[in-house]
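The values are calculated or read from the model by the stated rules, or taken from the named source; none is laboratory data. Since we're looking at a predicted model, the values are computed, not measured. When we count neighbours, we look across all protein chains shown, and the Cβ atoms used for this are built from the backbone with ideal geometry, even at glycine.
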Amino acid sequence: MISLLMPPAAALPEHVDERAFAAATAELRPHVRAVVAAVMNLPRDHADVEDSTHEALKRAIEGRSRLRPGEPLRPWLTGIARHVALDAMRARKRQRDRTVVARDADGSSPDPLERVADPSPDAFDHFSAVQRRQAVARALAALPDGQRRALVMFHMEGLQYQEIAVRLGVPLGTVATWVMRARKSVAAAVGVTEES
Amino acid sequence: MIEDSKLPRELVWDGAHVSELGLTAIADGQESIVPADAVAHVHSCDWCVGRMGRTALMASAVGEGLREARPALASAQAQGSRAVTNPSPWRALLLGCTVAVLAAVPSLPQLASRLGTFVTFGKVLSSHGLPVLVRGIAMASRADVSRGLQIATIVSSVLLVLMGLAIARTRSRVSSERSVS
């Protein structure tokens with residue numbers, strides 16, 4: 001096992017070589033595929049999902065220098081997967097639009113709803129940076145103490161669930177529940193839903 | 001210290017599929033604490049894969065938001081700690097009480113002469129006032145008198161104002177008679 005395969009929430013060390021980085025990202029292939037499938041709303045074994053997953057991992061390896069020191073790999077890779085999937089959907093839409101125009105010329109246009117579908121950015125993208133910071137701070141302040149501490153320890157201190165459980169002196173299931181509920185509350189406060 | 005190595009199965013499974021909590025843990029890269037069969041199921045079930053992907057997207061967005069908001073959170077925490085270290089209001093209260101006592105010192109000699117009045121007032125209150133009050137509370141607790149209590153409050157307020165006006169008028173008349181004589 002390559003030493004690089006540390007817990008995914010942890011940061012990668014500086015000066016990672018390409019092979020080690022490729023191995024680390026390959027470990028996260030199921031995660032990337034899940035994100036792509038979710039964004040594209042397609043089955044996990046669909047050819048477009050597979051292509052986009054491959055493309056996302058390729059882009060991650062090529063752009064590994066953009067991963068800032070201390071930045072966790074998994075969320076960074078999730079962002080790349082999301083962008084690749086959205087790009088693929090836009091390309092599919094453009095392709096569909098061209099087909100529809102061609103069919104219109106023939107007078108055999110299919111369902112007009114096909115022209116409407118557009119993978120637009122989620123609600124998080126519409127927030128200005130300042131609004132988002134304020135909304136997040138307010139949402140975090142409104143959380144119960146345990147939930148807030150668990151979420152901050154996970155996202156901002158990079159601790160694993162087990163480390164959080166030890167530090168807070170609560171069972172592992174409680175940590176998982178707190179992180180899940182806290183995240184949903186913060187996401188709802190800033191307009192991010194699982195569907196967006 | 002509490003030592004768990006895996007999440008309880010009843011939290012991880014929701015019927016035939018992996019629960020939201022289990023998906024959250026997997027999306028957060030905590031596969032090591034999720035039972036292996038649940039992890040395998042997620043990667044082989046289209047429904048669970050889609051939910052896990054959405055959970056990962058939400059986790060990523062929230063994590064990004066928290067990292068962006070770090071300066072705002074730090075300043076809010078600093079403000080909070082400053083509020084905690086502010087001098088407590090007890091000093092101001094103590095100062096106010098001291099001034100009040102000092103102001104009352106000139107009238108202390110008269111207090112001894114009025115002590116008898118206070119004792120009499122206390123006796124009258126305990127012998128007549130308190131039983132009336134207790135009876136009233138008992139009656140109010142037995143009956144549905146919410147509307148009656150509202151009316152009684154208004155009537156008693158009006159009575160109090162009228163009595164206050166009467167006392168003020170009497171006092172002013174007495175003082176004016178004294179000044180004339």
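Numbers at a glance
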quantity: Criterion: assigned by TED's automatic domain parsing to the domain that holds residue A:81 and at pLDDT 90 or above - qualifying residue of A:49, A:39, A:16; calculated: A:49
quantity: Residues of the stretch A:167-193 satisfying the condition of being facing chain B (nearest Cβ under 7 Å) and buried (at least 17 other Cβ atoms within 10 Å of the Cβ); calculated: A:170, A:172, A:173, A:176, A:177, A:179, A:180, A:183, A:186, A:187, A:190, A:192
quantity: Test for residue B:103: is it modelled with pLDDT of 80 or more and either hydrophobic (A, V, I, L, M, F, W, C) or under 20 Å from residue A:129 (Cα atoms) (or both); calculated: yes
quantity: Every residue from the stretch A:84-101 that is surrounded by 14 or more Cβ atoms within 10 Å (Cβ to Cβ) and either under 20 Å from residue A:20 (Cβ atoms) or of a type outside the set (A, V, I, L, M) (or both); calculated: A:87, A:92, A:93, A:96
quantity: Lone unmet requirement of (1) at the interface with another protein chain (Cβ under 7 Å from one of its Cβ atoms); (2) more than 20 Å from residue A:49 (Cα to Cα); (3) at pLDDT below 90; (4) surrounded by fewer than 21 Cβ atoms within 10 Å (Cβ to Cβ) for residue B:20; calculated: (3)
quantity: Qualifying residues in the stretch B:24-44 (those that are among the charged types (D, E, K, R) and part of a helix (DSSP H, G or I)) - the one nearest to the other protein chains (Cβ to nearest Cβ); calculated: B:31
quantity: Extreme residue, farthest from the other protein chains (Cβ to nearest Cβ), among residues of the stretch A:130-158 that are within 22 Å of residue B:26 (Cβ to Cβ) and touching a residue at least 40 places away in the same chain (Cβ under 8 Å); calculated: A:158
quantity: Checklist (1) at the interface with chain A (Cβ under 9 Å from one of its Cβ atoms); (2) part of a helix (DSSP H, G or I); (3) modelled with pLDDT under 85 applied to residue B:78, failing item; calculated: (1)
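Conditions (1) of a type in the set (A, V, I, L, M); (2) within 14 Å of another protein chain (Cβ to nearest Cβ); (3) assigned to a helix (DSSP H, G or I); (4) farther than 14 Å from residue B:50 by Cβ, marked per residue:
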| position | (1), (2), (3), (4) |
| --- | --- |
| A:33 | no, yes, yes, no |
| A:38 | yes, yes, yes, no |
| A:55 | no, no, yes, yes |
| A:78 | no, yes, yes, yes |
| A:84 | yes, yes, yes, yes |
| A:98 | no, no, yes, yes |
